[in-house]
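Single-structure report; data block below.
The values are calculated or read from the model by the stated rules, or taken from the named source; none is laboratory data. Everything quoted here is computed from the prediction, not taken from an experiment. Heads up, the Cβs are rebuilt from the backbone with ideal geometry, glycines too, and the neighbour counts pull from every protein chain shown. Protein only, heavy atoms only, side chains kept; ligands, DNA and RNA dropped before computing areas. Shrake-Rupley method; radii C 1.70, N 1.55, O 1.52, S 1.80 Å.
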Amino acid sequence: MQYTPLEDIPRIREALRDGFRSGKTKIVAFRKEQLRQLGYMVQENKQAWLDAFKADLGRPYFEGEIHEFIATVTAIKDTYKSVEKWAKTENAPFDISSFSMHPKIRKEPKGTVLIIVPFNYPLFLSITPLMAAIAAGNTAVLKPSEHAPTCAALLHDLIGKYLDHDVVRVVQGGVEETTKLLELQWDHISYTGNPRVARIVSAAAAKHLTPITLELGGKNPVIIDPRCDLETAARRILWAKCANAGQICVAPDYVLVPREVQGKFIQMLKKIHEEFFPDGPAKSDSLSRIVSAAHTQRLASLIQQTKGEIVFGGDIDMESRYVSPTLVLNPSPGEPLMKEEIFGPILPVLPVNDVDEAIEFINARDHPLVIYVFSDSSDFQATVVDNTQSGAFACNELLFHVAAYGLPLGGTGLSGHGLIRGKFGFDTFSHFRGCVNQAGWLDKVLLWRRYAPYTESNRRFLARATADLFPERERREWSLWSLPVVGTIVTLAAAGALLF
Ligand code: NAD
């Protein structure tokens with residue numbers, strides 16, 4: 001991977017600003033053509049992408065195709081099909097006091113935007129914000145992660161080949177290059193990654209008052225209802241923990257299991273682990289590797305420091321960046337494994353007495369990106385969703401909510417803010433410009449009353465014509481109970497008069 005020279009970075013931003021000022025991205029047909037090109041850029045280079053995922057993350061082709069390649073093309077196709085509808089100017093809802101101005105909402109691009117992405121889904125996480133930015137009519141710099149260098153180089157080469165040079169550029173590099181980018185003024189910044197760097201990005205954006213979207217991570221808990229189908233729960237949890245070797249922002253981080261079923265649940269996990277990896281995970285073609293030596297070392301240290309019982313796994317090979325799926329039973333809540341986002345194939349399981357204790361445990365920590373529940377009871381599900389906060393909430397399924405059509409994906413609190421996917425992404429990269437157009441003749445019949453010299457009769461007229469005030473408190477209280485009471489008195493009086 002060849003890093004972009006630092007001195008080129010301001011020039012790249014200027015070229016993209018000129019591209020925006022040229023006005024071509026305001027034409028929806030042009031945006032559609034760019035989106036179509038983006039789709040073909042992924043689709044026509046499938047093997048190159050799968051090889052790049054393998055090179056950077058040791059990822060099995062199966063996962064590369066099903067989890068990332070298909071998800072990316074499908075997302076682009078949806079945006080391609082929807083952009084005309086999303087970009088249409090909307091009439092404001094009818095209101096008697098303002099309809100004469102024909103109020104409308106124009107969806108306008110923000111300008112030239114910066115998109116910074118992490119290593120773990122190097123294609124999908126680059127393309128989802130990028131296609132939203134293009135659909136909304138922006139020009140964009142994409143900054144892929146230096147930790148997935150093969151994917152970053154491929155993005156650089158293919159974007160240069162498939163997309164308009166005035167609309168999208170890729171800046172390759174690490175901290176220095178990103179720092180240089182962040183010194184410049186942008187019209188929006190989208191950052192996906194960890195909260196430590198998010199603070200740096202936020203501080204840089206604040207200098208220019210740049211709007212920002214933060215897609216971060218966190219520790220996503222799973223709560224088990226003792227009455228649920230434990231085998232399905234164990235199978236889905238282990239699958240989601242092992243996909244991309246646990247390097248997924250919405251991976252289950254830890255499991256809170258009721259004491260009464262803890263033993264059975266652990267036995268299930270052991271059985272399913274053997275089913276998934278009959279010859280052991282080290283020899284399996286179905287397990288990704290950790291992205292870098294530093295991250296492998298970090299995971300090794302979490303395992304070394306745990307006070308919990310290692311039920312299976314715990315094997316590390318630094319050279320091949322291999323970490324085996326590892327089940328840790330009952331770690332101490334204060335140890336590093338339970339303090340930082342794991343982002344690897346280590347699954348802590350902690351016993352709790354009941355759902356209330358599980359909720360208390362979660363609420364004592366930062367808001368996660370997602371909370372998972374395994375339960376068929378709507379009461380159990382409601383108890384959790386009503387008493388916690390998280391970016392998303394998913395029952396009896398893991399990871400799939402990311403692909404659910406029409407749903408937003410975003411964090412809250414320390415798991416981030418702002419939304420990037422689908423129509424939500426289009427809105428994020430758009431400025432909703434309120435526009436009105438008033439007729440001149442209205443001055444003759446009505447609006448002349450607003451002008452000086454102010455008079456009492458004009459004040460009274462305008463106040464009556466335009467105000468939509470709350471009823472006076474006493475009258476409202478009277479009117480709430482008085483109608484049935486008065487009605488009853490009148491009815492009784494009438495009945496009395498007839499009878500007597
Ligand atoms: P990373 O190390 O690849 O870094 C992400 C980006 O930040 C890179 O482009 C990198 O160049 C840049 N960067 C790193 N240090 C910087 C610095 N000091 N100044 C400026 N830029 C810098 O990836 P990561 O941050 O380790 O990614 C993993 C994290 O991302 C996890 O926390 C995960 O949960 C989160 N994530 C969130 C989502 C989501 O949609 N919410 C998706 C994927 C990953």
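Filter the range 183-229 for residues that are touching a strand residue (DSSP E or B) at 6+ places or on another chain (Cβ under 8 Å), among the aliphatic types (A, V, I, L, M) and near the ligand (Cβ under 7 Å from one of its atoms) and give the result.
V197, V201, L216
So in the range 155-178, with the set limited to residues that are assigned to a loop (DSSP other than H, G, I, E, B) and crowded, with 20+ Cβ neighbours inside 10 Å, which one is nearest to the ligand (Cβ to nearest atom)?
G173
Matching residues to (1) closer than 30 Å to H367 by Cβ; (2) touching a helix residue (DSSP H, G or I) at 6+ places or on another chain (Cβ under 9 Å); (3) not aliphatic (A, V, I, L, M):
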residue	(1), (2), (3)
G391	yes, yes, yes
L407	yes, yes, no
F432	yes, no, yes
G440	no, no, yes
V445	no, no, no
R459	no, yes, yes
A463	no, no, no
A467	no, no, no
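Among the residues of the range 381-400, is there at least one that is within 16 Å of the ligand (Cβ to nearest atom), in contact with a Gly (Cβ under 6 Å, 6 or more places away or on another chain) and modelled with pLDDT of 95 or more?
The answer is yes, given that some residue of the range 381-400 is within 16 Å of the ligand (Cβ to nearest atom), in contact with a Gly (Cβ under 6 Å, 6 or more places away or on another chain) and modelled with pLDDT of 95 or more.
Answer yes if at least one residue in the range 117-140 is over 24 Å from G23 (Cβ atoms) and away from the ligand (no atom under 16 Å from the Cβ), and no otherwise. Even if it seems obvious, please write down each step before you answer.
Looking only at the range 117-140, we keep the residues that are over 24 Å from G23 (Cβ atoms), and these are 117-128.
Checking the rest, the ones that are also away from the ligand (no atom under 16 Å from the Cβ) come to none.
Looking for residues that are over 24 Å from G23 (Cβ atoms) and away from the ligand (no atom under 16 Å from the Cβ), one finds none in the range 117-140, hence no.
Taking helices (runs of 4 or more DSSP H) that do not extend beyond the range 1-93, which have at least 1 residues that are at pLDDT 95 or above and more than 28 Å from L407 (Cα to Cα)? Please lay out each step first, then the result.
On the way: elements: 8-21, 28-43, 46-57, 70-87.
Where helices (runs of 4 or more DSSP H) fall fully within the range 1-93 and carry at least 1 residues being at pLDDT 95 or above and more than 28 Å from L407 (Cα to Cα), they are 8-21, 46-57.
Given the options F361, F393, F277, name the one that is surrounded by 14 or more Cβ atoms within 10 Å (Cβ to Cβ), outside the structural domain of A52 (by TED's automatic domain parsing), among the aromatic types (F, W, Y) and in contact with a Cys (Cβ under 9 Å, 6 or more places away or on another chain).
The unique qualifying residue is F277.
Please go through the range 368-382 and give me each residue that is in contact (Cβ under 8 Å) with a residue 60 or more places away in the chain and open to solvent by less than 60 Å² (accessible area, probe 1.4 Å), ordered by number.
P368, L369, V370, I371, Y372, V373, F374, S375, S377, F380
Only one of these is over 29 Å from V201 (Cα atoms) and among the acidic types (D, E): E108, E68, E84. Name it. Full working, then the answer.
Values: E108 fails: over 29 Å from V201 (Cα atoms); E68 fails: over 29 Å from V201 (Cα atoms).
None of the other options fit; the residue is E84.
Residue by residue through the range 336-368, note down the ones that are of a type in the set (A, V, I, L, M, F, W, C) and assigned to a helix (DSSP H, G or I).
Answer for the range 336-368, where residues must be of a type in the set (A, V, I, L, M, F, W, C) and assigned to a helix (DSSP H, G or I): L337, M338, V355, A358, I359, F361, I362.
Within the range 411-432, can you find the residues that are among the hydroxyl-bearing types (S, T, Y) and within 16 Å of the ligand (Cβ to nearest atom)?
T412, S415, T428
With respect to L114, is the statement that it is under 19 Å from Y40 (Cα atoms), open to solvent by less than 30 Å² (accessible area, probe 1.4 Å), assigned to a strand (DSSP E or B) and assigned by TED's automatic domain parsing to the domain that holds R36 true? Quick ask: steps written out before the conclusion?
Numbers: under 19 Å from Y40 (Cα atoms): no; open to solvent by less than 30 Å² (accessible area, probe 1.4 Å): yes; assigned to a strand (DSSP E or B): yes; assigned by TED's automatic domain parsing to the domain that holds R36: yes.
No; evaluated as a whole, the condition is false for this residue.
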